Every structure is written in structure tokens, then in C-alpha cells.
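The structure appears below as C-alpha cells.
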């Protein structure tokens, strides 16, 4: 087992504990009864799949069970594993860097790991030979701009910031102009996670998108939402608000540790219908990796389920 997979498995400690019950249900080969379905439902909810996604998964399993005349619980669990991977596998899972420069707008609440994720992503892109400009459009937190400047220096990216309290969209405009003059390949824009009210925050994000589209002739190549993987179903409500305002193209799930319940990743993809593009497991740049549904399944379940 690779060191990355070992780390990923450790990060889903609570989810693996909950889903061990699913595997036990499969090994028991119980006759399929209403009680078996109820047991599976409780296990999925405890793993943070959420009510809506759990209901959808169970509905699909029940339909196939009737069609294929299943008789025992191992058949349910074997299909469940495949369905989880299918739920997580959406088109456009790779990072889109179309455009000259490609603009990546990064959104999320304060404390989600947004600025650190941008730094890690810049490091990753720089190692691939791309020139990167980081734009500190979170002008309401001086600490965020300072942190981003450190990551810019560390990653080899150029850096654009405005005055504290400046109009964030004006900083985006300046950043795009600077990126053009430097012939940057990628522009990554950090945004505020909290303004005076949620409405102001979302309106500001819409304004930034308009500036980007006006200046480049296209929407951002990517609009990525950074979510704290330990917040569970709260991440879903956050994601819906940001999706409405910023037309998300993908999610980055950070801070995955032993308290993370992995089912929320399935719920995020199911409810938003956007792919998870990266996951973050630690503090170093190497701890941000592209998300792989297959690795996720391997991390959640034992290698030999029954």
C-alpha cells in the first residue's frame, strides 16, 4: 500500500469505523428484510452521507435488488461499493487550465484552508513548469494577504495585493493586468470568506466573476470551493450558497483527519453535481493531491470486504 493511501485511510478513521458496520452487514449475508435496509440507512447516516444522498443510494439499491432478485445482504453491500465510486466519478474531474492566462477563482469560508490550498496549488503548478500569479483579493484580512505572499515566495509565484479594505474586484482587475504583462500561465485569486453579511459576500463574488469575464472574454477556467472536511453536513449548506453565487466547477476538501466522516464527500458531489478535484491531508505542498474516486473507495473499505 502506498504511503499516500495509508495516510488517506488514516484520515477517514470515523468513516471507516461507521462503514465497518456496512462490511459486517455484507459478511453476515442476512436475508434482505426491511430491517436490513434500516440498518444500512443508519450506518450511512452515521458516516455523514446525509439524508438526501442516503435516500438516493438506498432507492437505487432497492430498485436493482428487485430487478435482479437479490436475496442476501452481501449482494447489497457489493453493489453499494460500486455505486459510491460511480457517484463520485463525474466528468471534468481534472483541473481545467484553459485560457491565457487561465484564471482560477478560489472561494470558501474563513478557516477552511483556502489560502493554504492556493499556496499548495501554486507550488504544484510551478513544479509542472507553469508561471503563476497569486492575487490577494481578500482585502478584509491583512493576515490572509501576508500568508499568501509567503506562499507566493515559497512557490515561485508572482504576487499582487491591494490596500487593506480596498475593493476586491479592483484588486482582481490589477492582478489580471499584471499577469498579462508577466505572461503568466495561471492566475489564482484568493477571495474573502466573510464580509459584513452573507449577501455582501456573495454579491462581491458575482462582481469578481463579471470582472474576470469582461477582462478575459470568458468565465474563470475554474471556480473552486475549499471545504473543511471535518465540518460534515455543514459543508453542504456552505457549498450550496457558494454554488448559487459563483457557479462552482469543483471542490477541494481539506483538513481530512481521523475525525473526518468520508461520506460527506459523496454528499457534496451528489448535491452539487460538481467533482472533487483535490483533497488535502496535511500542511505541506505534497499533501494536496488530485482526488481519485478509486483511492477513496480503497481508503474507506477493507481490501477484502467479505
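Check segment 276-286 and report whether any residue there is at pLDDT 80 or above, within 18 Å of residue 202 (Cβ to Cβ), in a strand (DSSP E or B) and in contact with a strand residue (DSSP E or B) (Cβ under 7 Å, 6 or more places away or on another chain). Give the derivation first.
We begin by selecting, within segment 276-286, every residue at pLDDT 80 or above; these are 276-280.
From the residues that got through so far, the ones that are within 18 Å of residue 202 (Cβ to Cβ) too are none.
So far as segment 276-286 goes, no, none of its residues is at pLDDT 80 or above, within 18 Å of residue 202 (Cβ to Cβ), in a strand (DSSP E or B) and in contact with a strand residue (DSSP E or B) (Cβ under 7 Å, 6 or more places away or on another chain).
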- Message: Residues that are at pLDDT 95 or above and either within 30 Å of residue 255 (Cβ to Cβ) or out of contact with any strand residue (DSSP E or B) (no Cβ under 6 Å at 6 or more places or on another chain) (or both), at least 1 per element: which helices (runs of 4 or more DSSP H) completely within segment 1-80 meet that?
- Response: 34-46, 51-67
- Query: Can we say residue 55 is more than 19 Å from the chain's Cα centre (by Cα), without any contact (Cβ under 8 Å) to a residue 12 or more places away in the chain and closer than 26 Å to residue 273 by Cα?
  - Reply: yes
- Determine the pairs where a residue that is at positive phi and surrounded by fewer than 23 Cβ atoms within 10 Å (Cβ to Cβ), located within segment 81-109, has a partner that is at pLDDT 85 or above and outside any loop (DSSP other than H, G, I, E, B) with Cβ atoms under 7 Å apart, the partner being 6 or more residues away or on another chain. 99/216
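State whether the residues of segment 82-92 include one that is out of contact with any helix residue (DSSP H, G or I) (no Cβ under 7 Å at 6 or more places or on another chain), within 20 Å of residue 253 (Cα to Cα) and not in a helix (DSSP H, G or I). It would help to see each step written out before you state the result.
Step one: list which residues in segment 82-92 are out of contact with any helix residue (DSSP H, G or I) (no Cβ under 7 Å at 6 or more places or on another chain), which gives 82, 86, 91-92.
The next check asks that each one be within 20 Å of residue 253 (Cα to Cα); those that pass are 86, 91-92.
Filter again for not in a helix (DSSP H, G or I), leaving 91-92.
Scanning segment 82-92, I find at least one residue that is out of contact with any helix residue (DSSP H, G or I) (no Cβ under 7 Å at 6 or more places or on another chain), within 20 Å of residue 253 (Cα to Cα) and not in a helix (DSSP H, G or I), so the answer is yes.
Condition check ((1) surrounded by fewer than 21 Cβ atoms within 10 Å (Cβ to Cβ); (2) closer than 19 Å to residue 222 by Cβ; (3) touching a helix residue (DSSP H, G or I) at 6+ places or on another chain (Cβ under 7 Å); (4) without any contact (Cβ under 8 Å) to a residue 12 or more places away in the chain) across all residues:
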site	(1), (2), (3), (4)
124	yes, yes, yes, no
129	yes, yes, no, yes
157	no, yes, yes, no
168	no, yes, yes, no
175	no, yes, no, no
178	yes, no, no, no
- Answer yes or no as to whether residue 77 is surrounded by fewer than 18 Cβ atoms within 10 Å (Cβ to Cβ), farther than 14 Å from residue 265 by Cα and touching a helix residue (DSSP H, G or I) at 6+ places or on another chain (Cβ under 7 Å). no
- Taking segment 181-193 and keeping residues within 17 Å of residue 105 (Cβ to Cβ) and surrounded by fewer than 20 Cβ atoms within 10 Å (Cβ to Cβ) leaves 185
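Listed here are the residues, each with its yes/no results for (1) buried (at least 21 other Cβ atoms within 10 Å of the Cβ); (2) closer than 28 Å to residue 154 by Cβ; (3) modelled with pLDDT of 90 or more.
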position	(1), (2), (3)
221	no, yes, yes
227	yes, yes, no
231	no, yes, no
252	yes, yes, yes
260	yes, yes, no
266	yes, no, no
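Looking at segment 110-133, which of the residues that are part of a loop (DSSP other than H, G, I, E, B) and in contact with a strand residue (DSSP E or B) (Cβ under 8 Å, 6 or more places away or on another chain) is nearest to residue 177 (Cα to Cα)?
Residues of segment 110-133 part of a loop (DSSP other than H, G, I, E, B): 110-113, 128-131.
Checking which are in contact with a strand residue (DSSP E or B) (Cβ under 8 Å, 6 or more places away or on another chain) leaves us with 111-113, 130-131.
Numbers: 111: 29, 112: 29, 113: 27, 130: 18, 131: 15 Å.
Looking at the filtered set, the residue picked out is 131.
The values are calculated or read from the model by the stated rules, or taken from the named source; none is laboratory data. None of the values given here were measured: they were computed from a predicted structure. Neighbour counts are summed over all protein chains in view; Cβ atoms, including those assigned to glycine, are modelled from backbone coordinates with ideal geometry.
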